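Here is the structure we will look at, set down as structure tokens.
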Amino acid sequence: MPEYDAAAVERVARVKREVTERLLALPGVNLVGIGGKETDGRPTGELVVQVWVDEKLPLSALPPEQRIPEEIDGVRTDVYVGGRSVPLAAPGGAIVRSAATDEGRYRPSPVDRGSGASTGVSKALWAASCTIPPIPRSAMG
């Protein structure tokens, strides 16, 4: 897993904070986060703003105002399919598990291990700097 220096993380986090509302307003955008860029399913080692969408469309199928820029303020973007909001924590911080979201494994986000940041429902979950053992599907009712 690549290591990112604090300055790079802060730069990408700043850009993400500045553009999240605008990107989420685009049709089909479900989630905006930060994480490692992937090309052909392989990590490149580059820290980017990740944008999760219902489906990837050719640029020609989107009006210019609905396109996700390849780069924002010097930070590249990476578009993924998925990221629909699924509650993972109830009020008070209790962990919510369901067959719809449970893959039987949890791992920390590569970017921010203490804030609850995640690279996506199917990619990672990090809750309050603790290790959460898998719960058998049979116990989830």
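Summary table below
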| quantity | calculated |
| --- | --- |
| Search result, residues across the stretch 20-29 that are more than 9 Å from Val51 (Cβ to Cβ) and crowded, with 16+ Cβ neighbours inside 10 Å | Thr20 |
| Residue that is aliphatic (A, V, I, L, M), touching a residue at least 12 places away in the same chain (Cβ under 8 Å) and out of contact with any helix residue (DSSP H, G or I) (no Cβ under 8 Å at 6 or more places or on another chain), where the choices are Val12, Val32 | Val12 |
| Those residues of the stretch 40-86 which are within 23 Å of Glu3 (Cα to Cα), in a loop (DSSP other than H, G, I, E, B) and in contact (Cβ under 8 Å) with a residue 24 or more places away in the chain, in sequence order | Asp73, Gly74 |
| Arg11, sole failed condition from (1) touching a strand residue (DSSP E or B) at 6+ places or on another chain (Cβ under 6 Å); (2) basic (Lys, Arg); (3) assigned to a helix (DSSP H, G or I) | (1) |
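Read-outs throughout are calculated quantities, based only on the coordinates presented, and are distinct from any laboratory measurement. Here the structure is a predicted model, which means the values were calculated and not measured. We place every Cβ from the backbone using ideal geometry, glycine too, and count neighbours over all the protein chains shown.
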